[in-house]
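Presented below is the structure to which this report refers.
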Amino acid sequence: MRSTLRALALTGLLAASAVVAAAGPAQADVTICQQYGTTTIQGRYVVQNNRWGSSANQCINVTSTGFQITQQQGSAPTNGAPLSYPSVYLGCHYGNCSPGSNLPMQVSRIRSATSSINYRYVGGTYNASYDIWLDPTPKTTGVNQMEIMIWFNRQGSIQPIGSAVGNATVGGRTWQVWRGNNGGNNVISYVAPSPITSWSFNVLDFINDVRNRGAITTSWYLTSIQAGFEPWNGGTGLAVDNFSASVSG
């Protein structure tokens with residue numbers, strides 16, 4: 001099962017993941033091949049290569065609004081952990097906070113949390129994953145205790161961490177819900193029945209659903225909002241063409 005092997009992989013990689021390159025200057029069309037290399041876009045988001053699960057080469061081309069995977073030479077068993085999570089985010093990830101971010105913010109204080117995403121898909125084995133991270137404390141380093149994963153697209157014989165616990169309607173869409181633990185944090189995943197290429201939505205809809213499941217309370221903190229891909233095989237050409245997120249309290 002992917003959950004078991006990914007838990008083992010994450011346990012050994014959490015310490016290494018904490019070593020994140022410092023964010024570079026705000027610019028577009030930058031190629032990043034360093035394992036944890038990052039840069040900033042629009043003066044408010046961080047884009048990260050985040051090749052945490054493989055020693056194979058991976059490169060991304062960062063644009064003014066997102067990024068594209070331009071090289072992916074790794075391959076991983078589909079019943080284990082993915083190779084990486086190249087992504088763009090608002091907030092704080094392993095001590096690297098996006099410019100001017102007001103995150104972490106306590107859930108009880110959030111008045112609005114909205115986001116918009118546009119994905120571009122190619123062949124391969126991967127998921128298009130949108131991550132929402134929360135923790136009982138205003139944590140900016142290390143691993144948060146709760147990961148909400150929204151699977152906009154699933155290609156190949158991969159599955160979320162844990163086991164399916166039913167279906168739910170969140171944000172006006174129907175999702176298959178999975179729940180588990182990867183060895184480092186709890187995970188609740190929402191899997192779309194068919195690929196979604198673009199969507200503007202209320203992040204609080206998912207946070208409130210997780211809260212209603214008893215997994216968090218309003219005293220917890222939202223630490224980051226992230227969008228990207230988890231590839232197992234292939235994936236060159238996958239892109240986040242546009243990403244935006246805003247949280248106000």
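The values are calculated or read from the model by the stated rules, or taken from the named source; none is laboratory data. Source: prediction; values computed, not measured. Here Cβ is always computed from backbone atoms with ideal geometry, including for glycine, and neighbour counts include all displayed protein chains. Quick note on the areas: whole protein, heavy atoms, side chains included, nothing else; ligands and nucleic acids left out. Shrake-Rupley method; radii C 1.70, N 1.55, O 1.52, S 1.80 Å.
Tell me, what does the Kirkwood hydrodynamic radius of the stretch 39-133 come to in angstroms if you use every pair of distinct C-alpha atoms?
Working: mean 1/r = 0.0664 Å⁻¹.
When all Cα pairs of the stretch 39-133 are included, the Kirkwood radius is 15.1 Å.
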Give me the one-decimal nm value for the distance between modelled label points at ARG173 and THR236, 7 Å along each residue's Cα-to-Cβ direction.
2.9 nm
Heavy atoms only, 1.4 Å probe, whole protein assembly: order ASP241, ASP209 by accessible area, highest first.
ASP241, ASP209
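Gain in length, THR78 to SER198, computed as 0.36 nm per residue apart minus the alpha-carbon separation, to one decimal in nm?
Details: separation 120, 0.36 × 120 = 43.20 nm, distance 2.58 nm.
That pair, THR78 and SER198, stretches by 40.6 nm at full extension.
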What relative contact order, as a whole-number percentage, does the chain give when Cα pairs under 8 Å and 6 or more residues apart are counted?
27 percent
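Any idea of the accessible area per residue across the stretch 56-184, 1.4 Å probe, to the nearest Å²? Working shown, then result.
On the way: 4620 Å² over 129 residues.
Result: 36 Å² of accessible area for each residue.
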The stretch 105-184-the stretch 38-68 distance, computed between alpha-carbon centres (Å)
19 Å
